[in-house]
Amino acid sequence: MTALKGKHIVLGITGGIAAYKSAILARLFVKAGAEVQVVMTPAAREFITPVTMSALTDKPVITEFFTANTGEWHSHVDIGLWADAMVIAPATASTIAKMAHGVADNMLVTTYLSAKAPVFIAPAMDLDMFAHPSTTANLKTLAGYGNHIIEPAAGELASHLIGKGRMEEPEVIFSVIERFFGDTAELAGKHVLITAGPTYEKIDPVRFIGNYSTGKMGIALADAAAARGADVTVVAGPVDVKPTHPRVKVVKVESARQMLEKCEDLFDETSIAIFAAAVADYAPAEYADTKIKREHTQVPTLRLIKNPDIAKTLSSKKHPGQLTIGFALETDNEKVNAAEKLASKNLDLIVLNSLRDAGAGFGTDTNKVTILSPAGIIADTPLKSKREVAADIINAILKYDPFTH
């Protein structure tokens, strides 16, 4: 039994080279037990045939308002009402613009305008088209209407240029839809605060102290918590990765002190706080308002001061029933050091990473963690994707009873 069994999915396909991936996506939906109705733009037929998509879905593909031979009318209203979700993958710049501005000149856009169900949009185009201000504005408009944007990936494009614009892989799109329907309510009514990514501590207008954190683990945790019913706020340093779940709000900051201020504003209303950010331990004592010029100055001495310990500061203020979870990235004496941090920072749980574990740590898509409570190790995960690790961490939090520790 899957979360998609019996669900009605309208799969919209537009005219881009990534249309071949739609066949894989349709197959994944069908294997999960969903009924899939494909709606294609006329241009999409140049990239993948209706025969292929019909064979995969066991349904006739709709491409026009009328059937040419019989004059049979295809009701976009009926299709829109039938759907439990509409997924447009790939979504070209042209279709995105039409959707944003209500240009209902094909069956796909009219179906979108009639849809009452959630709509998921997976853009696919060349990097310059994706980066163009008009595309950015159109996607912002569509997100403002409540649509879910599945960000494209970076890589080699049809133009053979390298950049952001590749439609996300079918397996990832499928997992986004599956998680949407698979949400459970264990954390319903709970507010979860998560810190993510690095902090940048400015030396001058062009230089900073930072680290290699990408924020992938924190964002994966945010999606996992939201999928269990929580309302999630991520206070993130400079990161590019974005959450996929609509119940996740991201607040951007730069420095450790800014991160602490935002977290303090949110902490009283927080049920669970997860401190996953790689906060810089130190910041420059002085900030130069102008760029420090190598040609005109001696080699400067950089004097550092300690940054606030966000996890320790907030854990010292927690009230009964609040949970605080920290992260420890260690290179030696890992479990001993993590246990000491757990106690000294008044945390309920701590998640240990070791840089000695291949595939774990900064910049990777995988992780391997040990979760400790004051009573000892409660979970030890093998190397797996950060999304899977995030689910393991949320499971550990759900099993932890703060009133018995």
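The values are calculated or read from the model by the stated rules, or taken from the named source; none is laboratory data. These numbers were taken from a predicted model, which means no experiment stands behind them. Cβ placement follows ideal geometry from the backbone for every residue including glycine, while neighbour counts extend to all protein chains displayed. When the accessible area is computed, the model is the full protein with side chains, heavy atoms only, and any ligands, DNA or RNA have been set aside. Shrake-Rupley method; radii C 1.70, N 1.55, O 1.52, S 1.80 Å.
Which distance in nm do the two modelled labels at residue 343 and residue 301 give, with both placed 7 Å along the Cα-to-Cβ direction?
Inter-label distance under the simple model: 3.8 nm.
Gain in length, residue 137 to residue 78, computed as 0.36 nm per residue apart minus the alpha-carbon separation, to one decimal in nm?
Between residue 137 and residue 78, full extension yields 18.2 nm more.
For the pairs 21/116; 216/306; 293/345; 318/399; 59/190, flag any whose C-alpha to C-alpha distance is greater than 31 Å.
293/345; 59/190
If I model a spin label as a point 7 Å beyond the Cα along the Cα-Cβ vector, how far apart are those points for residue 45 and residue 266 in nm?
4.9 nm
Tell me what the chain gives for mean residue ellipticity at 222 nm when only DSSP H runs of n ≥ 4 count, each as -39,500 (n - 2.57), the sum divided by the residue total, rounded to 500 deg cm²/dmol.
-9500 deg cm²/dmol
Which one, 165, 205, 250, is farthest towards the positive end of the dipole of segment 122-274 when Lys and Arg carry +1 and Asp and Glu -1 on their Cβ?
Projecting each Cα onto the dipole axis, the largest value belongs to 205.
Just one of (1) 23.3, 73; (2) 24.1, 84; (3) 23.6, 100 is Rg and Dmax of the Cα atoms in Å as worked out from the coordinates here. Which one is it?
Structure-derived value, by its label: (2).
Given points 7 Å out from each Cα along the Cα-Cβ axis, report the residue 317 to residue 154 separation in nanometres with one decimal.
For the pair residue 317/residue 154, the computed spacing is 3.5 nm.
I'd like the accessible area for residue 47: 1.4 Å probe, protein heavy atoms, all chains in place, Å² to the nearest 10.
90 Å²
Charges only on Cβ, +1 for Lys and Arg, -1 for Asp and Glu: so what's the dipole of the chain about the Cα centre, in debye to the nearest 20?
Dipole size: approximately 340 debye.
Would you kindly state how much longer the chain becomes between residue 186 and residue 161 on full extension, computed as 0.36 nm times their sequence separation minus their alpha carbon distance, in nm to one decimal?
Result: 4.5 nm gained on full extension.
For the chain, build the charge dipole from Cβ charges (+1 Lys, Arg; -1 Asp, Glu) around the Cα centre, then report which of 99, 373, 233 sits farthest towards its positive end.
373
Collect residues whose amide H, placed 1.01 Å from N in the peptide plane, falls under 5 Å from the amide H of residue 37; neighbours closer than 5 in sequence don't count.
HN-HN under 5 Å from residue 37: 9, 10, 11.
Running a GNM on the chain with Cα contacts under 10 Å, which residue among 52, 290, 364 ends up with the highest mean-square fluctuation?
290
Where Lys and Arg each count +1 and Asp and Glu each count -1, what net charge lies around residue 267 among other residues with Cβ under 9 Å from its Cβ?
-2
Among 301, 135, 54, whose Cα lies farthest out toward the positive end of the dipole of the chain, if unit charges sit on the beta carbon of Lys, Arg (+1) and Asp, Glu (-1)?
Of 301, 135, 54, it is 301.
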